[in-house]
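Can you read through this structure? Questions will come right after.
Each value in this text was obtained by applying a stated rule to the coordinates, not by laboratory testing. Quick caveat, the model's predicted, so the values are computed rather than measured. Glycine also receives a Cβ, built like all others from the backbone with ideal geometry; neighbour counts cover every protein chain displayed.
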């Protein structure tokens, strides 16, 4: 039996690699981008459409589903896959990030985090045990250990205390997870999350402590929280070089197309981000030549598709002029078509990356990726 | 060559009939319901989805498209069909109703109507000539003569003056229409609109005057404007008995499922209404057993589809519990799935009606239609 994660090929010139990751709901090809289906729906999309685009795995938010409709309700209805009609793998986050970014003021102790619901203000507590319980009830394929995510900038002392708490929580997460699944080789995977802010030695400490606990995969958390992009990449590279090569590496909540390229370069296998779906709703469309801001007057009579040789449903059937019209009228169809295009762009980008890594052309791919964007900037 | 409209079979017990109507973009089976695609999109739906449901023809609003993106723009981009990616027939209204219901205060003279845009307050004028020009620029398959629509109740004297103006406008509409299309047997059809409020003799006067002008089809306008349902049906029946049997009859902007059954009973061939799409967005789902108000707590753990043996995409793939969850979270996917179901219901209702008329079973169908609703009311 091969391991759950197997690296098929590694780029000789970087830490990029292609691999296969087995989950209870199927095997995925890495590196991969996961669209975000916060409340058990990738906004505006049906599961069939996601499959047609080539989406392999989704991320769903434990915090949101815990609050509404409730993880126990979803469990009783047959689990998250059945509830939302998605047959492929689902990764759930731990809830830690959303509690900090969305919920009302929280009290953090070693026990866990108290918070108020952003929906109705009701009081709740998440602990490592609770977070795992929620994710198990949902029926997640990849479960994240409960962690604490800090803002940027953050003092060294607070960062250190927080990462040490994250390690303790990771240990408790693993304990409760193993009670349920240690005997099941077809069960979900548990990932630990490396924290430590932007202090290289604290990141190293976090990574080493988590590896000692031992996880099915390792995530890099606490990035893209307001720091400059170069600092993000530097910190990321510092972490990935420490992580074991035989485990999948996951960069959480990042990001831009260039972040995917740079993440893969530094050895990342999994990504998630709201960017393609959220930007679709605000009318920013990704192309290999940079972004199209669809509301601009220049597209008013533009009978071309968003991107000239794009094969997505939106580009095959509709013009920029029509998409601009839909956007200005706040039409749902506009959001739908924009979302399809942006997800297609992200999925194709990851496919191109995998292809280039497979044939030792990733360095050339990366250069061309930036060259195409520069060209367009020169053209205006 | 058969005429553009041919009645294939008439119900012996009512004025119901089935027929075929040729348009520049294909032949449709009547009686038919047209979903409303106000701003060149049936809200939340792609054209492919509409075709899959079995939608044959759409109604688009001239007033909205004139204001945004502009009929001339649409003409330059290849016409409305190409702009919105819909290959089937499109019926456009004259703008008269929207000007009264949406636009800022208007001045009505024999020349036409002045109004302010509901989007930016700018001043505009619609005349019969303008209305036809807009509809021709859009590339409509069925063009409506410009008419004046009155509120309910309305004094007899005002109603009489208004219907006479509508007749004069209908004549001018036909004149300008014929300049463009009289030589083209494959061109669009022009329909006249019977007005006259709720005065039987004025409705008769309007119908007779329009028949004297002569149109490809006849619409009944000014109904469902606040009057009691019985008065609506009584007025409708009074008009349809006057209209020529060899021309399609169109009931504008009406309505509820029972109105479709009763309209067909009284000889109507075409319907349009925002009800299925608008109610989808407010969470009211049509079924043969009455409406499902999807936000209700009773559906919280309901793993059944909206309607037990419905074959629509939503019912085949998703539960009431999930649709309720999406609705409470204001998720676009919820609006999409609701819209698919409601349009499917309307299309299937019309298909069932056509089938029953074809085999002389319409009376039985109509009885069963009401019996199924009563049953459920008794069940609570």
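When only C-alpha pairs under 8 Å and at least 6 residues apart count, what is the relative contact order of the stretch A:52-149, in percent?
33 percent
Kirkwood hydrodynamic radius of the stretch A:280-379 from all distinct Cα pairs, in Å?
Taking every pair of different Cα atoms in the stretch A:280-379, averaging 1/r and inverting gives 14.2 Å.
At 20 °C and a viscosity of 1.002 mPa s, what translational diffusion coefficient does Stokes-Einstein give for the stretch B:87-127, taking Rh as the Kirkwood radius over Cα pairs? Give it in µm²/s as a whole number.
194 µm²/s
Another question, then. In chain B, which residue puts its Cβ closest to the axis that turns chain B onto chain A, and how many whole Å away is it?
Its Cβ sits closest to the axis: B:332, 3.
Something else: Using only alpha-carbon positions, what ratio does the radius of gyration of the protein assembly as shown give when scaled by 2.2 N^0.38 Å?
1.11
In nm to one decimal, list the spacings between the residue B:119 label point and its equivalents in the other copies, with label points set 7 Å along Cα to Cβ, shortest first.
3.7
Compute the angle between helix B:156-181 and the longest alpha-carbon principal axis of chain B, please, reported from 0 to 90 degrees and rounded to the nearest 10.
Result, in degrees: 80.
Given contacts defined as C-alpha pairs under 8 Å and at least six residues apart, what's the relative contact order of chain B, whole-number percent?
Relative contact order, chain B: 17 percent.
Tell me, B:186, B:295 in order of fewest to most beta-carbon neighbours within 10 Å?
Fewest to most other Cβ atoms nearby, the residues stand as B:186, B:295.
Which whole number gives the average count of other chain Cβ atoms within 10 Å of the Cβ atoms across peptide B:316-323?
Counting Cβ atoms of other protein chains within 10 Å of each residue's Cβ and averaging gives 4.
What ranking do A:330, A:9, A:71 get, fewest neighbouring Cβ atoms within 10 angstrom at the top?
Fewest-to-most Cβ neighbours within 10 Å comes out as A:330, A:9, A:71.
Right, something else. Return the Rg/Rh ratio of chain A with Cα-based radii and a Kirkwood Rh.
0.96
For residue B:208 and residue A:304, what is the calculated FRET efficiency with R₀ set at 60 Å and r taken between the beta-carbons, to the nearest 0.05?
With a Förster radius of 60 Å, E is 0.70.
Quick one: Cα centre-to-centre distance for the stretch A:304-342 and the stretch B:27-44, in angstrom?
Answer, in whole Å: 21.
Can you list, shortest first and in nm, the gaps between the label point of residue B:156 and those of its counterparts in the other copies, using a point 7 Å from Cα in the C-beta direction?
In nanometres, ordered from closest: 9.6.
From Cα pairs below 8 angstrom and at least 6 apart in sequence, can you work out the relative contact order of the stretch A:179-275, rounded to a whole percent?
24 percent
Under 17 Å from a point placed 7 Å out from the Cα of residue A:186 along the Cα-to-Cβ direction: which residues of the stretch A:134-157 have their backbone N that close?
The answer is A:139-142, whose backbone nitrogens lie closer than 17 Å to the label point.
Need the C-alpha centroid separation for the stretch B:233-269 versus the stretch A:52-115, integer Å.
One Cα centre to the other: 52 Å.
Okay, next question. Arrange the following residues from fewest to most other Cβ atoms within 10 Å of their Cβ: A:32, A:293.
Lowest count first: A:293, A:32.
Mind pulling the angle between the C-alpha long axis of helix A:229-240 and the longest principal axis of chain A? Nearest 10 degrees, somewhere in 0 to 90.
It works out to around 50 degrees.
Hey, for residue B:230 with labels 7 Å out along Cα-Cβ, what do the inter-copy distances come to in nm, ordered shortest first?
8.2
If one takes the longest principal axis of the Cα atoms in chain A, at what angle in degrees, from 0 to 90 and to the nearest 10, does the Cα axis of helix A:362-379 lie?
Helix A:362-379 and the main axis of chain A meet at about 50 degrees.
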